[in-house]
Every structure is written in structure tokens, then in C-alpha cells.
Amino acid sequence: MENDLNEIGQLFMTRSRYHLSQDFLPKIERCVELLKDEQIWWRANPQSNSIGNLILHLSGNVRQWIVSGLGGAADSRDRGAEFAQRDVISREELIEKLKQTLGDADAALAKFDAEKLLDLQSIQGCDVSALEAILHVVEHFSMHTGQIILMTKMLAEADLAFYEFTGATPIPKWRNAPE
């Protein structure tokens, strides 16, 4: 039974790492490639976030919950600054920051002992299990990726062509240019 739980934990972490770096990140990269820097920083109204703000926020969240919370790095997050940013930061710089953060998170998860998934961590003032922290990050990343996709479709007026549907099975095309 204990071996089964460890195997499940390893699979959970492997799939979480996959979704962050090989599913969500390429979709965000595709979106950013289609937009001008000014579009990346467009906001529907003062209460809304721009794609740029969301990318800064994702980087801050992943760094705080995974790199610091589970990986032990110092937590220097300024959450308010992620949303307060109004000056244009180039797409290259935003994507590089996000890639660096996801690389650091991937390294932290690769080293994390699956047998400690139920151990409590104090993250953002909350006591949560490592499993809950990872689930939070993946779910949170997915939600904001969806927002970025929707805003990109509105601004670029384009089908992002993430999948090819020529047969019964969709074929992922995340890194290919939209048709």
C-alpha cells in the first residue's frame, strides 16, 4: 500500500510538472507571440488585469508556493506589485521571467520527496499540505492561462489552433504558428 501511495505521489508530481511547463507555458507563449507589447498590457477596465499582469502574477504565485514553499528558497514576493505594474515590460522579458520561474519550480518538484506530499507547509500565511500547494498552483495557473487565451483571441481576432482535429484524436500543435 505504501509503495502504491508513493507511486501515485510521483505520478501526481510528474503530471503537475508536465502541465505547468509543457501544456500551459507553450499556450501562453503562443498567445504572447501573436500580440504587440501594448496589447499585452491592455486592460478592459481599471479593475481588470492585463496579460502582462497575469504573467507577473503567475510567476509570483509559482515562485512563492513551489520554489519557496516547497523548495525552501527565500520568499521575496511582492504580490501587489504584480497587479500594480502599468509600464510596458517586453514580451521577451515576461516570457523569460515565467520560464525561469517554471524551471526553478520544476527543479524543486523534481527533488521533492513524494512521501512528504501530506506534510504541512506554511505558505502565504496558510498551513497546507504539499499536495494541496501543488494542486493550488496547477489549478491557479490553468485558470489564468484560460484568461490569457480568451484575451488573446479577443485582441488578435485569431483561432490559436492549439489542436488539429483532422481525425478522431486531437493532435496538440501548441508551438506551431496558427493557421
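Select from segment 74-108 the residues that are within 22 Å of residue 44 (Cβ to Cβ), part of a helix (DSSP H, G or I) and acidic (Asp, Glu) and list them in ascending order.
Hit for segment 74-108 is 82, nothing else.
Only residues that are more than 24 Å from residue 32 (Cα to Cα), among the aliphatic types (A, V, I, L, M), surrounded by 18 or more Cβ atoms within 10 Å (Cβ to Cβ) and modelled with pLDDT of 95 or more: list them for segment 67-115, please. Spell out how you get there, then give the answer.
Narrowing segment 67-115 to residues more than 24 Å from residue 32 (Cα to Cα): 67-76, 107-115.
Those still in the list that are among the aliphatic types (A, V, I, L, M) too: 67, 70, 73-74, 107-110, 114.
Subsequent filtering for residues that are surrounded by 18 or more Cβ atoms within 10 Å (Cβ to Cβ) retains 67, 70, 108-109, 114.
The answer is 67, 70, 108, 109.
Quick one: which of 105, 74, 114, 110 is closer than 26 Å to residue 49 by Cα and either touching a residue at least 40 places away in the same chain (Cβ under 8 Å) or of a type in the set (A, V, I, L, M) (or both)? Don't jump to the end; show me each part of the working.
Working: 74 fails: closer than 26 Å to residue 49 by Cα; 114 fails: closer than 26 Å to residue 49 by Cα; 110 fails: closer than 26 Å to residue 49 by Cα.
Selected residue: 105, the only one of 105, 74, 114, 110 that is closer than 26 Å to residue 49 by Cα and either touching a residue at least 40 places away in the same chain (Cβ under 8 Å) or of a type in the set (A, V, I, L, M) (or both).
In segment 17-34, is there at least one residue being surrounded by 15 or more Cβ atoms within 10 Å (Cβ to Cβ), in contact with a Ser or Thr (Cβ under 8 Å, 6 or more places away or on another chain), without any contact (Cβ under 8 Å) to a residue 60 or more places away in the chain and assigned to a helix (DSSP H, G or I)?
No, because not a single residue in segment 17-34 is surrounded by 15 or more Cβ atoms within 10 Å (Cβ to Cβ), in contact with a Ser or Thr (Cβ under 8 Å, 6 or more places away or on another chain), without any contact (Cβ under 8 Å) to a residue 60 or more places away in the chain and assigned to a helix (DSSP H, G or I).
Residue-by-condition table, conditions (1) hydrophobic (A, V, I, L, M, F, W, C); (2) closer than 20 Å to residue 16 by Cβ; (3) assigned to a helix (DSSP H, G or I); (4) over 17 Å from the mean Cα position of the chain (by Cα):
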position: 110; (1), (2), (3), (4): yes, yes, yes, no
position: 121; (1), (2), (3), (4): no, yes, no, yes
position: 127; (1), (2), (3), (4): no, no, no, yes
position: 132; (1), (2), (3), (4): no, yes, yes, no
position: 139; (1), (2), (3), (4): no, yes, yes, no
position: 154; (1), (2), (3), (4): yes, no, yes, yes
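For residue 149, all conditions in the list (1) in a loop (DSSP other than H, G, I, E, B); (2) crowded, with 17+ Cβ neighbours inside 10 Å hold save one; what is the number of the exception?
That leaves (1) as the condition not met.
Taking the condition of being touching a His at 6+ places or on another chain (Cβ under 8 Å) and among the hydroxyl-bearing types (Ser, Thr, Tyr), how many residues in segment 96-144 meet it?
1
Quick check on my filter: what residues within segment 39-57 are among the hydrophobic types (A, V, I, L, M, F, W, C), under 19 Å from the mean Cα position of the chain (by Cα) and surrounded by fewer than 21 Cβ atoms within 10 Å (Cβ to Cβ)?
We begin by selecting, within segment 39-57, every residue among the hydrophobic types (A, V, I, L, M, F, W, C); these are 40-42, 44, 51, 54-56.
Checking the rest, the ones that are also under 19 Å from the mean Cα position of the chain (by Cα) come to 40-41, 51, 54-56.
41, the sole residue that qualifies.
So for segment 157-167 (the condition being in a helix (DSSP H, G or I), surrounded by 14 or more Cβ atoms within 10 Å (Cβ to Cβ) and in contact (Cβ under 8 Å) with a residue 24 or more places away in the chain), does at least one residue qualify? Let's see the steps before the verdict.
Residues of segment 157-167 that are in a helix (DSSP H, G or I), as a first pass: none.
Within segment 157-167, not a single residue is in a helix (DSSP H, G or I), surrounded by 14 or more Cβ atoms within 10 Å (Cβ to Cβ) and in contact (Cβ under 8 Å) with a residue 24 or more places away in the chain.
The values are calculated or read from the model by the stated rules, or taken from the named source; none is laboratory data. Computed from a prediction, not measured in an experiment: that's the story for all the values here. Using ideal geometry, Cβ is built from the backbone for each residue, glycine included, and neighbour counts are taken over all protein chains shown.
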